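The values are calculated or read from the model by the stated rules, or taken from the named source; none is laboratory data. Treat the numbers as computed from the prediction; the structure is a model and nothing was measured. Cβ placement follows ideal geometry from the backbone for every residue including glycine, while neighbour counts extend to all protein chains displayed.
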Amino acid sequence: MDSFGSDYSSGTGAGKMDTGTIMEQVKVQIAVANAQELLQRMTDKCFKKCIGKPGSTLDNSEQKCIAMCMDRYMDAWNTVSRTYNARLQRERARM
Amino acid sequence: MADFSSFDMSSASSTENADTSELQRLIAVEQQKAQFQAQVHNFTDACWDKCMDKPSTKLDSRTETCLVNCVERFIDTTLTITNRFSQMVQKGTH
């Protein structure tokens, strides 16, 4: 993943962008990277869960399993995110 | 940007530097968010394997509880190992 490329090599040089534009791009790139990460891990997990013995096609039940697995993976991701965030909050309050 | 502490960096030309440090601050915030998300990916990966049976039409409460416990215990494990390891290093054992 070669994002964060040369576009923002130090402030100098031609075509200075304002802070808002740069941040916009930073946010988009992080969001894309996050989506790619999710996609990759989800594919990995759902392939393992749903495709036992690879047949000559992706059959109907496998496709259903994949759809369900994707939904559950995203549920799990959200649950984990909420839990981790709450824990961070608690740890911060303790300090 | 309620931070004009850049005044004590006297030699620097003001607006440009204020801009740069503001940008650095904003990027640091985004970096932290990205780090959080990366950690969530790791936790989900590990806890999915521990908690998920065959995916069904809903995330049932048993699985949800398992996920919550899994994340909490993973963090506890990290803290325990970090503490014990630093003790080991301090005592110079091993």
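Looking across segment B:53-64, the residues that are within 7 Å of another protein chain (Cβ to nearest Cβ) and buried (at least 19 other Cβ atoms within 10 Å of the Cβ) come down to B:Pro55, B:Leu59. Close contacts from segment A:30-51, counting a first residue that is facing chain B (nearest Cβ under 8 Å) and within 30 Å of B:Leu26 (Cα to Cα) and a second that is surrounded by fewer than 18 Cβ atoms within 10 Å (Cβ to Cβ) and aromatic (Phe, Trp, Tyr), with Cβ to Cβ under 6 Å and a gap of 6+ residues or different chains, come to none at all.
Given the residues B:Cys47, B:Cys51, which is the only one that is more than 21 Å from the chain's Cα centre (by Cα), at pLDDT 95 or above and hydrophobic (A, V, I, L, M, F, W, C)? Outline the logic, then answer.
Values: B:Cys47 fails: more than 21 Å from the chain's Cα centre (by Cα).
That would be B:Cys51, the only listed residue that is more than 21 Å from the chain's Cα centre (by Cα), at pLDDT 95 or above and hydrophobic (A, V, I, L, M, F, W, C).
Does segment B:35-70 hold any residues that are of a type in the set (Lys, Arg) and in a loop (DSSP other than H, G, I, E, B), and which are they? Listed by number, the residues that qualify are B:Lys54, B:Lys58. Please give the number of the condition A:Pro54 fails out of (1) part of a helix (DSSP H, G or I); (2) more than 7 Å from every other protein chain (Cβ to nearest Cβ); (3) of a type outside the set (Lys, Arg). (1) is the only condition that A:Pro54 fails. Restricting segment B:65-94 to residues that are more than 25 Å from B:Met52 (Cβ to Cβ) and among the charged types (D, E, K, R), the residue that is farthest from the other protein chains (Cβ to nearest Cβ) is B:Lys91. Among the residues in segment B:68-78, are any under 23 Å from A:Cys69 (Cα atoms), exposed (fewer than 11 other Cβ atoms within 10 Å of the Cβ) and of a type in the set (S, T, N, Q)? Within segment B:68-78, not a single residue is under 23 Å from A:Cys69 (Cα atoms), exposed (fewer than 11 other Cβ atoms within 10 Å of the Cβ) and of a type in the set (S, T, N, Q). Evaluate segment B:21-44: report whether one residue or more is within 7 Å of chain A (Cβ to nearest Cβ), farther than 20 Å from A:Cys65 by Cβ and of a type in the set (S, T, N, Q). Yes; the residues of segment B:21-44 include at least one that is within 7 Å of chain A (Cβ to nearest Cβ), farther than 20 Å from A:Cys65 by Cβ and of a type in the set (S, T, N, Q).
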